[in-house]
Amino acid sequence: MLLSVKNLSISFETDSGRFEAVRNLSFQLDKNQVLGVVGESGCGKSITNLALMGLLPKEAIVTADELVFDGLNLLELNEKKWSVIRGKKIGMIFQDPMSALNPCFTVRYQLEEAIRNNHLGIPSDQIYPMALDLLAMVGIPDPKSRMECYPYELSGGMAQRVMIAMAISGHPKLLIADEPTTALDVTIQLQILKLLKEIQQKNNMSIIFVSHDLNVISKISDKIQVMYAGEIIETGSKEKIIKDYRHPYTNGLLHSLPGHQLHSEKLYSIPGIVPDLKNRPSGCQFAPRCQSATNDCHQNEKIQITNDNGHQWRCINPLER
Amino acid sequence: MLTYIFKRILNLIPTLFGVTVVAFILIRLVPGDPVMLLLGERGADPAVYAEMKQNLGLDQPLLIQYKKFITNALQGDLGTSLISKRKVSEEFIGRFGATLELGMAALLFAVLLGIPIGVIAALKRNSLIDYFLMGTSLVGYSMPIFWWGIILILIFSVTLGLTPVSGRISVMFEVDRITGFMLIDSLFSEDGIDAFHSAAKSIILPAVAMGTIPLAVTARMTRSSMLEVLGQDYIRTAKAKGTPVLKIVFIHALRNALIPIITVLGLMFGSIITGAILTETIFSWPGIGKWIVASINARDYPVIQGGILVIATMVITINFIVDLVYAWANPRMRGGLK
């Protein structure tokens, strides 16, 4: 096992009170596994990832029974020790590649810097060839001339490839991809997904792939985890989640994908809005928007997780199969 | 890039033309008559007065006078001072170095202190250190130069006796004009390092007095610019790839934060040159500021017209250089210039 998270909660102290952005999150990730995390914006998926990199703002309060990555207890790391993790053991790419690259420096500078950070004491004459190899590996044509480009001279897809090259420069065991295709054209999306899968297999790397788009997630993931209001509400193998989903929210997500309602005119959307985390509803967090919610759903504070051979859901009235 | 420079230079022409008109008309609108001032308070025989006026060319219509001023200026001749009877351009060159040296020292003081202060305040945002630094800079910003200069003289020259009260260098040293910068020229003089020491001591107080407001502006600007940059995605990227904190702050963040600061510094250099009038008067610094004040008092038209034209050219040139530096600092700008 590469990553084990037990009862992770992340809360923020604000002027209008304390709120839990993520609560009692438990999941595991194996080596070479691609975990897809799906959910609406504000469901806590990005926050969880930042916690794994120690990149949360200082105001965040992180508690967990266990947060172990590759034998290292992440809860005990100080700012200095995080440098052992960042870039070297966990790489990260982000949603908007154009703003994730520093506008004042060339691709070469930023890539070489990543290499220098992650391979301490590397002879300087090896850095540039290594950078060229990385650019070639992420499928950038004519790496030599791209090397001298500034970020504004790259297309979104190219910039994301550069980000990937930087993220894998330290041969991390885990790559966190936080909505890496959201800001890209659909055609480019597919290319980037393919590239990530390729690199994952070549480098024996695990990926946590975050997206709000189940369509994209299902193309790359081995396992899918559906999040709602800072909780995991359903998790299982890709096949189980796409075909045998049990939670009404997963059902709603799948049905709001364009293409699922060829015969009806209107695109489905889940009624209501995500709950205000500062003022959470009691019981199931999804109950206020759920069409099959009963009284028990609104009141039961301890909804049990049902486990069917690794396919788990947190629901009292799951869909029948 | 070359087309850009060429376009910018073309743009200078109407600006400078406007400056000549304003300078020419403004000084003639101010009450007072240079001929009367030259002849003395008790006045003179109307015939002598008329003859003098004719000699100076002041009896001709304004348009003719202006045409003469422009045609001569285009040939590099700014006229002759009514008082000293020396060429304006010659007088100017002698004083230009003094003002430029003081202005650069003041700006250096502002930048070398202001940027680190701003960076520290941004990193320690909302802490006591931040409040102290920003509070102090607000006080510095609100300080009137003439008052602040006198306070500095009182403390450091009069009470502590550390620095001279006025001038560019002690009268004991004789320095030949080579570059016009006393700090450099003094090194070439007979006394070498001692003369340099004296020149350095002389420039500290006026540079501090002149640089205080720019220092405050730079510090506050750096702080807000740094805070904005530190929240950007690319800073998170730099952290995520394991970049050491110092490198993130001083390379990734500061490089981006400098872009707006450079713009402000450029504008500030203009106001420093204009602000030189006050500082130079307080510290008896023999620069263009002090010279122009004296000329205005004497209604020395050619000096005022010429001096303002030259100062305006200087400020415009500096802004132009700043724009080029800006293009260097901001790669996106460079793209637009290609």
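What accessible area, summed over both chains, is buried at the A-B interface (1.4 Å probe, Å², nearest 100)?
Numbers: alone 15690 and 18690 Å², together 32230 Å².
Buried area (both sides, nearest 100 Å²): 2200 Å².
So, with a 1.4 angstrom probe, what is the percent of accessible area on the stretch B:2-74 that is carbon and sulfur? Before the final figure, lay out each step's value.
Values: 3600 of 5240 Å².
Ligands and nucleic acids excluded, carbon and sulfur reach 69 percent.
Go through B:137, B:50, B:169 and say which Cα lies farthest out towards the positive end of the charge dipole of the protein assembly as shown; charges sit on Cβ, +1 for Lys and Arg, -1 for Asp and Glu.
Selected residue: B:137.
To the nearest 0.05, how large is the calculated FRET efficiency for residue B:176 and residue B:151 if R₀ is 41 Å and r is the Cβ-Cβ distance? The partial results should precede the final answer.
On the way: r = 35 Å, r/R0 = 0.84.
That pair, residue B:176 with residue B:151, gives E of 0.75.
How much length is gained on full extension from residue B:71 to residue B:22, taking 0.36 nm per residue of separation minus their Cα-Cα distance?
Working: separation 49, 0.36 × 49 = 17.64 nm, distance 1.66 nm.
Contour length minus Cα-Cα distance gives 16.0 nm.
Evaluate E = 1/(1 + (r/R0)^6) for residue B:87 and residue B:59, where r is the Cβ-Cβ distance and R0 equals 35 Å; express this FRET efficiency to the nearest 0.05.
Values: r = 22 Å, r/R0 = 0.64.
Efficiency for this residue pair is about 0.95.
Distance from the Cα centre of the stretch B:1-70 to that of the stretch A:227-260, in angstrom?
First find each Cα centre; the distance between them is then 82 Å.
Could the peptides B:90-96, A:36-42 be put in order, highest first, of the mean number of other beta-carbon atoms found within 10 Å of their residues?
Numbers: B:90-96: 17.3, A:36-42: 21.1.
My ranking of the peptides, most packed first, is A:36-42, B:90-96.
Report in % the part of the accessible area of the stretch B:179-314 that belongs to carbon and sulfur, leaving out ligands and nucleic acids; probe 1.4 Å.
On the way: 3380 of 4920 Å².
Of all accessible area on the stretch B:179-314, carbon and sulfur atoms account for 69 percent.
Which value, in Å² and to the nearest 10, is the accessible area of residue B:210 when all protein chains are kept and the probe is 1.4 Å?
10
Provide the per residue accessible area, probe 1.4 Å, for the protein assembly as shown, rounded to a whole number of square angstrom.
Values: 32230 Å² over 659 residues.
That works out to 49 Å² per residue.
Let me check against my output: what whole-number percent is the relative contact order of the stretch A:3-314, with C-alpha pairs under 8 Å and at least 6 apart?
Working: 563 pairs, mean separation 67.6, N = 312.
Dividing the mean separation by the residue count of the stretch A:3-314 yields 22 percent.
Can you list the aspartates and glutamates whose alpha carbon sits under 13 Å from that of residue A:240, skipping same-chain ones fewer than 8 residues off?
Partners found: A:222, A:308.
In the stretch B:227-243, what residues drop by 10 Å² or more of accessible area when the other protein chains are put back, versus the chain on its own? Use 1.4 Å, and skip ligands and nucleic acids.
Correct list: B:233, B:234, B:236, B:237, B:239, B:240, B:241, B:242, B:243.
On average, how many beta carbons from a partner chain sit within 10 Å of the beta carbon of a residue in A:109-119?
Details: counts 1, 6, 1, 0, 7, 6, 1, 4, 6, 2, 0.
Mean partner shielding for this stretch: 3.
Compute the distance from the alpha-carbon center of the stretch B:233-253 to that of the stretch A:293-308, in whole Å.
The stretch B:233-253 and the stretch A:293-308 have Cα centres spaced 44 Å from each other.
I need to check one value: relative contact order of the stretch B:93-337, counting alpha carbon pairs closer than 8 Å and at least 6 residues apart, in percent.
Values: 307 pairs, mean separation 65.7, N = 245.
Computed over the stretch B:93-337, the figure is 27 percent.
Residue by residue through A:160-172, how many Cβ atoms from other chains fall within 10 Å of the Cβ on average?
Values: counts 0, 0, 0, 3, 0, 0, 4, 3, 0, 2, 2, 0, 2.
Shielding by partners across A:160-172 averages 1.
Below 12 angstrom from the Cβ of residue B:226, what's the summed charge of the other residues (Lys, Arg +1; Asp, Glu -1)?
Values: positive: B:124, B:125, B:220, B:223, B:255; negative: B:130, B:228.
Around residue B:226, the surrounding residues sum to +3.
Hey, which lysines would be in cross-link range of residue A:243, C-alpha to C-alpha under 28 Å, not counting anything within fewer than 8 residues on its own chain?
The qualifying lysines are A:6, A:31, A:45, A:194, A:197, A:219, A:223, A:266, A:302.
Compute the distance from the alpha-carbon center of the stretch A:109-129 to that of the stretch B:257-275, in whole Å.
37
Using heavy-atom solvent-accessible surface (probe 1.4 Å) with all chains present, what is the largest-first order of A:234, A:13, A:66? Mind dumping the intermediate values first?
Details: A:234 0, A:13 105, A:66 55 Å².
Of A:234, A:13, A:66, the descending order of accessible area is A:13, A:66, A:234.
Picking from A:216, A:151, B:195, whose Cα lies most toward the positive end of the charge dipole for the protein assembly as shown (charges on Cβ: Lys, Arg +1; Asp, Glu -1)?
Final value for the positive-end residue is A:216.
Considering only protein heavy atoms and a 1.4 Å probe, what is the carbon-and-sulfur percentage of the accessible area of chain A? The partial results should precede the final answer.
Details: 7230 of 14620 Å².
The nonpolar share, carbon plus sulfur, comes to 49 percent.
With every protein chain left in place and a probe of 1.4 Å, what is the accessible surface of residue A:128, to the nearest 10 Å²?
50
Once the Cα atoms of helix B:288-297 and of chain B are each reduced to a long axis, what angle between those two axes, in degrees from 0 to 90 to the nearest 10, is obtained?
40
Excluding residues fewer than 8 places away in the same chain, name every one of the lysines whose C-alpha is closer than 22 Å to that of residue B:87.
Counting by Cα, and skipping residues close in sequence, residue B:87 has these lysines nearby: B:53, B:67, B:68, B:290.
The values are calculated or read from the model by the stated rules, or taken from the named source; none is laboratory data. Predicted model only: the values in this text are computed from it and were never measured. Glycine also receives a Cβ, built like all others from the backbone with ideal geometry; neighbour counts cover every protein chain displayed. Side chains included, ligands, DNA and RNA excluded: accessible areas come from the protein's heavy atoms. Shrake-Rupley method; radii C 1.70, N 1.55, O 1.52, S 1.80 Å.
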